[in-house]
1. Tell me, please, whether a residue that is assigned by TED's automatic domain parsing to the domain that holds residue 109 and in contact with a strand residue (DSSP E or B) (Cβ under 6 Å, 6 or more places away or on another chain) can be found in the range 28-38.
2. For the range 191-203, check the following and say yes or no: at least one residue is under 27 Å from the mean Cα position of the chain (by Cα) and either modelled with pLDDT of 95 or more or in a strand (DSSP E or B) (or both).
3. Looking at 278, 333, 292 in this structure, which one is assigned to a strand (DSSP E or B) and either under 25 Å from residue 149 (Cα atoms) or of a type outside the set (A, V, I, L, M) (or both)?
4. Considering 309, 285, which residue is part of a helix (DSSP H, G or I) and outside the structural domain of residue 75 (by TED's automatic domain parsing)?
5. Only one residue in 285, 260 is within 30 Å of residue 199 (Cβ to Cβ) and β-branched (Val, Ile, Thr), so which one is that?
6. Among the numbered criteria (1) of a type outside the set (S, T, N, Q); (2) within 16 Å of residue 235 (Cβ to Cβ); (3) surrounded by fewer than 22 Cβ atoms within 10 Å (Cβ to Cβ), which single criterion is violated by residue 282?
7. Restricting to the range 246-264, and then to whatever is assigned to a strand (DSSP E or B) and free of Cβ contacts under 8 Å to residues at least 60 places away in the same chain, can you tell me which residue is farthest from residue 217 (Cα to Cα)?
8. Considering the range 255-279 alone, what residues qualify as being among the acidic types (Asp, Glu) and surrounded by fewer than 18 Cβ atoms within 10 Å (Cβ to Cβ)?
Amino acid sequence: MPVKNRFAELLPEITEWRRDIHQHPEILFETHRTSALVAEKLREFGCDDIVTGIGRTGVVGIIKGKTDTSGKVIGLRADMDALPIHEETGVEYASKTPNAMHACGHDGHTAMLLGAAKYLAETRNFDGTVAVIFQPAEEGGGGGKEMVDDGMMEQFGIDEVYGMHNWPGVPVGTFAIRPGAFFAAADTFEVKVQGKGGHAAKPHETVDSTVVAAQMVLALQTIASRNSDPVKQLVVSVTSFQTSSNAHNVIADSVTLRGTVRTMDGAIQDMAEHRLIEICEGIATTFGAQAEVKYQRGYPVMVNSDEQTEFAAKVARDVSGICEDAPLVMGGEDFAYLLEARPGAYILMGNGDTAHVHHPKYNFNDEAIPTGCSWWAEIVEKRMPAA
């Protein structure tokens, strides 16, 4: 079945919602305006129940089908939060909030799920119950985990859960998905190198923390190139190098390194953490410095369930005719927590020839709205066909 005609009719309205959300981006758990807008729309649609404050600012709307002989409950999730980026799109509906913008398309995800919720509340052509999940703090806050920890799955009896993300560079109207490990575990680290500062003309009287930290930056690359099986996915990136001095003639007393480790395998993750700590402490000792290493596990590997992935791909092909095999993605995604709690699947949807996500010129493509809405609606109607 192709894109539903109803979503073509609703496109101007859904686009208006999306652009309103885009103008008012909110970071992490501070999605108060967006959450209120979502709850208001769900009430207008006639949802059977609306619960706010799950995972701090998350919202869940319940829509019951015409019948419920299946007893099944399917969760559909969209993320609501924006990023701390200054927008450079130049569109007339650009962000009105300084240094905040929807640079990842969560405004589009939220609007599409609202569109699907409106349609499902109108038609109720399914046998079971839908929980539409609007989640805060995907961008590093772990809002998905907080909603799960708040008992969302048990409270609403959710059996399966499905999510979607737009994908720039892929034509509108196409999908991509893969079973098993899909998005990477995303860990962070901070290393404080403590040396002995002094005059730049007298390096022999110092323990040069800058030189020590520079050795660490280079050596950490060997975790992927020399400690890991080459066929395993592993990224170790030092993304920040900050000295305690910015003077030309001062050797800094200390340096702080920050970065990220991305893996697709628990054993590789363990190895990378162990080697990172070992390398940094060892280099510091070699040069007479000290290293304080903080390593924090972040989002786990996001793993699609086999059965639900096959079903999600079939629905995508029915909607658009195209569902390709997706590549592994070394970015993190906290939908992983929902998939740890329940079986389900996460799919990528083409966003056309747009700037990449997390870029100040990125913008969600409104032409993709009918396709995304149709996929969510078809997930419900085909997984829980009307009795």
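The values are calculated or read from the model by the stated rules, or taken from the named source; none is laboratory data. Owing to the predicted nature of the structure, the values given are computational and were not obtained by experimental measurement. When we count neighbours, we look across all protein chains shown, and the Cβ atoms used for this are built from the backbone with ideal geometry, even at glycine.
1. Yes, the range 28-38 contains a residue that is assigned by TED's automatic domain parsing to the domain that holds residue 109 and in contact with a strand residue (DSSP E or B) (Cβ under 6 Å, 6 or more places away or on another chain).
2. Yes, the range 191-203 has at least one match.
3. Just a single option satisfies the conditions, and that option is 292.
4. Result of the check over 309, 285: 285.
5. Criteria check complete, one pass: 285.
6. Unmet for residue 282, out of (1) of a type outside the set (S, T, N, Q); (2) within 16 Å of residue 235 (Cβ to Cβ); (3) surrounded by fewer than 22 Cβ atoms within 10 Å (Cβ to Cβ): (2).
7. Restricting to residues being assigned to a strand (DSSP E or B) and free of Cβ contacts under 8 Å to residues at least 60 places away in the same chain, the top hit is 250.
8. Answer for the range 255-279, where residues must be among the acidic types (Asp, Glu) and surrounded by fewer than 18 Cβ atoms within 10 Å (Cβ to Cβ): 270, 278.
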